[in-house]
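Here the structure comes first, spelled out in structure tokens, and everything after it is commentary.
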Amino acid sequence: MTVLTGDYVVVGGGTAGCVLAARLSSDPGARVVLLEAGEASGPRAMSSPDPLAAFSLWSTSVDWAYSTTAQPGTEDAVHAWPRGKVLGGSSAINGMVHHRGHPDSYDAWEKQGATDWNYDALLPFFRRSETAEGRDPHVRGTDGPMRIEASPAPNPLAEAAFRAAVESGHTPLEDGNGRVSEGVSWRETNVAQGRRQSAADAYLRPVLARPNLTVITGAQARRLLLEGGRCRGVEYTVAGEVRTVLADRETVLAAGAIGSPHLLLLSGVGPADHLRETGVEVLADLPGVGGNLHDHVTSYVVYGSDRQPPSSDQRPPTGPSAEAHVLTRSRADVAPDLLLLFAGAALRPRWTGADPGGYSVLFSLMDPSSRGTLRLRSADPAVPALIDPAYLSDDRDLDRLVLGLRLARELGGTKALAPWRTAESFPGADVQDDDSCRAYVRSTASTYFHPVGTCRIGTDELAVVDPQLRVRSVAGLRIADASVMPSTVSAPTNATVLAIAERAAHLMTGG
Ligand SMILES: Cc1cc2nc3c(=O)[nH]c(=O)nc-3n(C[C@H](O)[C@H](O)[C@H](O)COP(=O)(O)OP(=O)(O)OC[C@H]3O[C@@H](n4cnc5c(N)ncnc54)[C@H](O)[C@@H]3O)c2cc1C
């Protein structure tokens, strides 16, 4: 059997794993091994700057192509959950929006027991991750690997959408990633020089030649090697061959909100009753593993049009067209919890595609109360886990999405957008009262692709990692990816995962 040894073993080469591998290997004395289940690259569409091109990557070799259990809250729909399976992970197949949450999102983590995890504590790591030219350097990064370029000038439809948001009362912001992020701003994207910039492009590819960094692709971790309460390394397979990598210092899981809890459960770390039921020997009874699963939920309003922006404006070759998004709140006394995103195309329900002409306003719940679980279907690592996000199981989520629908309609029906609109196509004029709006939301709500929370930071019994991201009751093992968020943030999650991983590398190297 092939046995390799590193100082650090990183499991998963996605958003977080690329940051960790690059930062940890910047010390030439530290041997770093990165295991990634997917391959080094994938279809050409992966480099396209057009977010809609991501649709064509789903269900290909670079996608785990998970699906949820039937969701009673959304009329028993089974939801497709794409997740990247390639260097760069989900950042290689995502919508490329670069957006931090509102400061309240991070301050909420500390209130839930994640000591010293708040906006101010994370700010240096957000800044370290990016280079955002022309922004306030006190809040935005000036020399980080993820380059944020100005989007091409907005087309006239996108400009009308920005004015529409102001017309419906949202404050115009210079920078939606600034300290004040409630209001309307131009979305930023992970596009540099006309190409998608995944975490692999930004962090990993520039350092691949380092002699102390070993990247093994096509390497699926199937079990952590636990001995005497300590993680010694990882058992993985490459092309059907079982191999072992040992970690002299630490193993860090960066396999994502699905992959990390799945690997812990397969390794006997999780709720003891559940592990026994599935025939896995219990090595550490950690009841929180796989719990607290939650996701942003989205739906949209679609308008028809007999007019389109000039064709030269529709698909700028150098990047995605600028689009406006709005962060707002469902009630004055809660943190911002609704995101409206304008799209200059008629989206088909539940991400089944988009048609040119018309426009859509997505409304997404950014602070869901519903909580679900990830559980083993089988002790066989090749069998996908059971994913149950329990969408809309908490009625408060449905009520807030109905309000989101009303706010999206307010924006979509403004005077500013009148020249671009014939009529509302979905949900349409018949859907007005609360009951029909609720029914519309239940029948159209879907993932916004941002699952988190399955290995959350905290200090209570259900926490999986402590505030230093060390797995409770297993030495030599940390987790640093989307799974550690105690609660999700009021933005798509990639920028936050970059900051979490930056901080993890800092903690692991004695910061
Ligand atoms: C379709 C889609 C659209 C999205 N749009 C946006 C957006 O526009 N903006 C935004 O901010 N966020 C977006 N996101 C979310 C964002 O991309 C994720 O939150 C982020 O990439 C998560 O990072 P991660 O490191 O936790 O996991 P991932 O990036 O998913 O990385 C996990 C990695 O671990 C690997 N892995 C898993 N299990 C194993 C194993 N057993 N052995 C070895 N390797 C393993 C995977 O192959 C993967 O490479 C989107 C996500 C998707 C899927």
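The values are calculated or read from the model by the stated rules, or taken from the named source; none is laboratory data. The shown structure was predicted, so the numbers you read here are calculated from the model rather than taken from an experiment. As a convention, Cβ positions derive from the backbone with ideal geometry for all residues, glycine included, and neighbour counts pool all protein chains shown. Ligands, DNA and RNA are stripped out before the accessible areas are found, and what is left, the full protein with its side chains, is counted by its heavy atoms. Shrake-Rupley method; radii C 1.70, N 1.55, O 1.52, S 1.80 Å.
Yes/no per residue for (1) away from the ligand (no atom under 16 Å from the Cβ); (2) on the phi > 0 side of the Ramachandran plot; (3) not polar (S, T, N, Q):
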| position | (1), (2), (3) |
| --- | --- |
| Val402 | yes, no, yes |
| Ser425 | yes, no, no |
| Asp433 | yes, no, yes |
| His450 | no, no, yes |
| Thr459 | yes, no, no |
| Arg478 | no, no, yes |
| Leu507 | yes, no, yes |
Restricting attention to the stretch 227-239, the residues that are open to solvent by 70 Å² or more (accessible area, probe 1.4 Å) and of a type in the set (Gly, Ala, Ser) number exactly 2
Within the stretch 44-58, track down each residue that is out of contact with any helix residue (DSSP H, G or I) (no Cβ under 6 Å at 6 or more places or on another chain), open to solvent by 40 Å² or more (accessible area, probe 1.4 Å) and away from the ligand (no atom under 11 Å from the Cβ). Arg44, Leu52
Residue match in the stretch 251-260 (condition: farther than 30 Å from Gly412 by Cβ, outside the structural domain of Thr352 (by TED's automatic domain parsing), within 12 Å of the ligand (Cβ to nearest atom) and free of Cβ contacts under 8 Å to residues at least 40 places away in the same chain): no
Residue that is nearest to Ala200 (Cα to Cα), among those in the stretch 59-103 that are near the ligand (Cβ under 7 Å from one of its atoms), hydrophobic (A, V, I, L, M, F, W, C) and open to solvent by 20 Å² or more (accessible area, probe 1.4 Å): Val97
Strands (runs of 3 or more DSSP E) contained in the stretch 173-266 and holding at least 3 residues more than 26 Å from Tyr106 (Cβ to Cβ): 213-217, 219-227, 230-238, 241-253
Residues of the stretch 440-465 being open to solvent by 50 Å² or more (accessible area, probe 1.4 Å) and among the small types (Gly, Ala, Ser), which ones? none
Out of curiosity, is Gly176 within 13 Å of the ligand (Cβ to nearest atom), surrounded by 18 or more Cβ atoms within 10 Å (Cβ to Cβ) and outside the structural domain of Pro492 (by TED's automatic domain parsing)? yes
What do you reckon, is Val184 surrounded by 18 or more Cβ atoms within 10 Å (Cβ to Cβ) and within 16 Å of the ligand (Cβ to nearest atom)? no
Which of the residues spanning the stretch 100-118 are of a type outside the set (Gly, Ala, Ser), in contact (Cβ under 8 Å) with a residue 40 or more places away in the chain and either outside any loop (DSSP other than H, G, I, E, B) or touching a Phe, Trp or Tyr at 6+ places or on another chain (Cβ under 8 Å) (or both)? Arg100, Pro103, Asp104, Tyr106, Trp109, Trp117
Ser483: passes all of (1) over 22 Å from Leu122 (Cβ atoms); (2) part of a helix (DSSP H, G or I) but (1)
Residue check, Gly279 touching a helix residue (DSSP H, G or I) at 6+ places or on another chain (Cβ under 7 Å) and in the same structural domain as Arg470 (by TED's automatic domain parsing): no
